[in-house]
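Okay, structure first, notes after.
The values are calculated or read from the model by the stated rules, or taken from the named source; none is laboratory data. Values in this document were obtained by computation on a predicted structure and should not be read as measured data. Here the Cβ is made from the backbone with ideal geometry for all residues, glycine too, and neighbour counts use every protein chain on show.
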Amino acid sequence: MNQQTPGNYQQAVPMHRSIVQTCVTQRPAWMSVVYLLCVLIRDVSTSMAGMRAKEATQASIALAHEVAMPVNQHRIDGAIIDFSDSATLVCPPTPATELVGKIKPMHAGGYTNMHHGLELALPLVQAHHGPRKPSVVVLYSDGEFNTGGDPTPVADQLRQAGATLITVAYGDDAGYDTLRAIATSPNHCYRRAIGNDALRQFMADLGKTLTHTLTTGGDYAQTLATLRNH
């Protein structure tokens, strides 16, 4: 049997501590990877017909292009929900790199049922929820809800499920007070004018912010409250 001298023992202790420290402080790379779900909820009621629908379609494509950037390394999934009299899951959670090709021109008609739009997003967020798996829900509307009931309770459920909820009041007739109430905070509700490419630019900025936050490990609730107001 080999006997260890006191000198040898003292040399072995730092090495042992180094090994333990490495095991504690280093973790497999997969444990640090973040996978983001972005759910876009679009108002396709009658008031969104014509130019507004075209602008909104282009805005959807702009967001999809930004979150599909190679730097995201296939770590963002996107889903699209359209609402009018009721809501429809137009595109279930899909890798962002495949999302652009699935966005079709919007066809507007019917009332404004925000509640159902948010309601369809809830199980998507709940299914995605987990460590390092954030969700961002983005809803825009050019009006006020007029069917389906108050959307506030289901918005509360989305926030409780861990989602950051962004709302956009599109145009002067949008129900700003409602959209402000259902957002994660008043700072997560934005106003954008109709025309002048404002909605498309906002969605592009949003996509860039999602990418930056994903790649730098930032806090989504914080970064999404500071988008440019122009």
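Tabulated values for the structure
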read-out: Residues of the stretch 207-229 satisfying the condition of being part of a helix (DSSP H, G or I), under 19 Å from Ala183 (Cβ atoms) and not polar (S, T, N, Q); value: Gly207, Leu210, Tyr220, Ala221
read-out: When residues of the stretch 143-196 are limited to those that are in contact (Cβ under 8 Å) with a residue 60 or more places away in the chain and farther than 27 Å from Thr213 by Cα, the one surrounded by the fewest Cβ atoms within 10 Å (Cβ to Cβ); value: Gly195
read-out: Residues of the stretch 97-133 satisfying the condition of being at pLDDT 95 or above, of a type in the set (A, V, I, L, M, F, W, C) and either in a loop (DSSP other than H, G, I, E, B) or within 15 Å of Ala64 (Cα to Cα) (or both); value: Ala108
read-out: Qualifying position, being within 30 Å of Thr215 (Cβ to Cβ), more than 15 Å from the chain's Cα centre (by Cα), at pLDDT 95 or above and in a strand (DSSP E or B), among Val136, Val90; value: Val90
read-out: Residue check for Leu199: under 25 Å from Asp156 (Cα atoms), of a type outside the set (Phe, Trp, Tyr) and either surrounded by fewer than 20 Cβ atoms within 10 Å (Cβ to Cβ) or in contact with a strand residue (DSSP E or B) (Cβ under 7 Å, 6 or more places away or on another chain) (or both); value: no
